[in-house]
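This report refers to the structure that appears directly beneath it.
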Amino acid sequence: MLELIGGDNISQSAAVLANGGRIAQISFMKGSEIVLSAVPMMLKRAIIQGISVGHRRSFEDMNRAIKPVIDRVYAF
């Protein structure tokens, strides 16, 4: 499950999470502190994973820096 809100919203995400599910925390629109009871998460064997992403400009710079190596061209 992708969690974008953070804060107390993560408890709602956890409530509907399947057994063995994973919450991928991407951003914190409601604040960086999360409020969550640990026991239901443990019983579901759930995982909370933080994901950080870079800026769009860094991604575009990286893409411009990649130069493909073309060894052969095949006719179709």
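The values are calculated or read from the model by the stated rules, or taken from the named source; none is laboratory data. All figures in this text were calculated on a predicted structure; none of them were measured in a lab. Here Cβ is always computed from backbone atoms with ideal geometry, including for glycine, and neighbour counts include all displayed protein chains.
On the basis of being acidic (D, E) and part of a helix (DSSP H, G or I), does D61 make the cut? Yes, satisfied. Of all residues in the stretch 1-30, those satisfying the criterion of being farther than 11 Å from I47 by Cβ and among the charged types (D, E, K, R) are E3, D8, K30. Under the condition of being of a type in the set (A, V, I, L, M), in a loop (DSSP other than H, G, I, E, B) and over 15 Å from the mean Cα position of the chain (by Cα), which residue from the stretch 18-45 is surrounded by the fewest Cβ atoms within 10 Å (Cβ to Cβ)? So the residue we want is A18. Each residue in the stretch 51-75 was checked for being surrounded by 10 or more Cβ atoms within 10 Å (Cβ to Cβ) and in contact (Cβ under 8 Å) with a residue 24 or more places away in the chain, and 1 pass. Tallying residues that are modelled with pLDDT under 85 and of a type in the set (A, V, I, L, M) within the stretch 37-64 yields 1.
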